[in-house]
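Reading through the structure tokens given below for one structure.
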Amino acid sequence: DDNNEGKKLRLKQQYFFSSASLQDIIRKYKAIHGNDFSKFADFVTIQLNDTHPVISIPELIRLLTVNENVEFGYAVEICKNVFNYTNHTIMQEALEKWDLKLIRATIPQVVDIIKQLDDLLKKELKNANVDKETAKTMQIIQDKRVHMAYLAIFCSKYVNGVARIH
């Protein structure tokens with residue numbers, strides 16, 4: 001991961017495994033429930049252990065909106081009830097932050113979704129009267145980099161750490 005090719009390969013791997021798993025989950029769900037996604041979160045839960053599989057969030061939204069004709073806002077609500085996130089580290093260097101250009105070059109189909117999620121978070125922070133400086137530190141996209149932990153926190157039902165320090 002020390003060079004761009006290594007980072008690109010890592011992102012491709014994470015996306016490939018996440019997307020394949022999500023497609024399988026959706027296929028199995030539809031075999032029983034058809035195209036009614038109103039019960040998806042009742043039958044599906046996805047654990048995100050650390051930031052590596054967090055690309056699953058925008059990918060599930062993409063699969064639901066593009067392949068299943070689910071409205072964007074409803075897809076986001078489904079995600080917020082399906083995903084759970086566990087943080088395993090407090091070291092900033094271990095918390096993945098992907099360059100937006102790298103994501104666009106590697107998996108462009110999720111970039112607009114990530115931006116929309118960032119906009120939703122900004123709106124929620126504003127509505128909650130969070131001061132602008134604090135809100136900036138919580139944004140998913142900061143300095144043209146996607147903070148995967150913030151994406152996971154925003155779109156997960158439960159968030160925890162493996163130890164008290166987390």
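The values are calculated or read from the model by the stated rules, or taken from the named source; none is laboratory data. Keep in mind the model is a prediction, meaning the values are calculated, not measured. Every residue, glycine as well, gets a Cβ built from its backbone with ideal geometry; the counts of neighbours run over all protein chains shown. Each accessible area value is taken on the protein alone, full model and side chains, heavy atoms only, with ligands, DNA and RNA left out. Shrake-Rupley method; radii C 1.70, N 1.55, O 1.52, S 1.80 Å.
Taken about its Cα centre, the stretch 1-48 carries a charge dipole of roughly 140 debye when the Cβ of each Lys and Arg holds +1 and the Cβ of each Asp and Glu holds -1.
With percent of Cα pairs over 29 Å apart in mind, check (i) 42; (ii) 17; (iii) 7 and report the label derived from this structure. Structure-derived value, by its label: (ii). With a 1.4 Å probe rolled over the protein heavy atoms of all chains, the accessible area of Met148, Met138 falls in the order Met138, Met148, largest first.
Dividing the helix sum by the residues of the chain, where each DSSP H run of 4 or more adds -39500 (n - 2.57), gives a mean residue ellipticity at 222 nm of -16500 deg cm²/dmol.
The mean accessible area for residues of the stretch 93-143, using a 1.4 Å probe and ignoring ligands and nucleic acids, is 62 Å² per residue. Take Tyr15: with every protein chain present and a 1.4 Å probe, its accessible area is about 30 Å². Solvent exposure of Phe17, expressed as accessible area, is near 130 Å², computed with a probe of 1.4 Å over the protein chains only. Taking the 1.4 Å solvent-accessible surface of the stretch 84-166 as the whole, the part contributed by carbon and sulfur is 52%.
Expressed as a whole percent, the accessible area of the stretch 1-46 that falls on carbon and sulfur atoms is 50 (1.4 Å probe).
Which value, in debye to the nearest 20, describes the size of the charge dipole of the stretch 20-144 about its Cα centre when Lys and Arg Cβ atoms bear +1, Asp and Glu Cβ atoms bear -1, and nothing else is charged? Don't skip to the end; give the middle numbers.
Numbers: 16 positive and 18 negative charges, 38 e Å.
Roughly 180 debye, rounded to the nearest 20.
Of Thr51, Thr106, the order by accessible heavy-atom surface (1.4 Å probe, DNA, RNA and ligands excluded), from most exposed downward, is Thr106, Thr51.
Grouping the Cα pair distances of the stretch 19-63 into 5 Å bins from zero gives a pair-distance distribution of 5, 20, 31, 27, 12, 5, 1 percent in increasing distance order.
Going through the stretch 1-69, which GluC sites (Glu not before Pro) have at most 16 other Cβ atoms within 10 Å and a DSSP loop state? Kindly include the intermediate steps, with their values, before the conclusion.
Details: sites: Glu5, Glu59, Glu68; in loops: Glu68.
Qualifying residues, ordered by number: Glu68.
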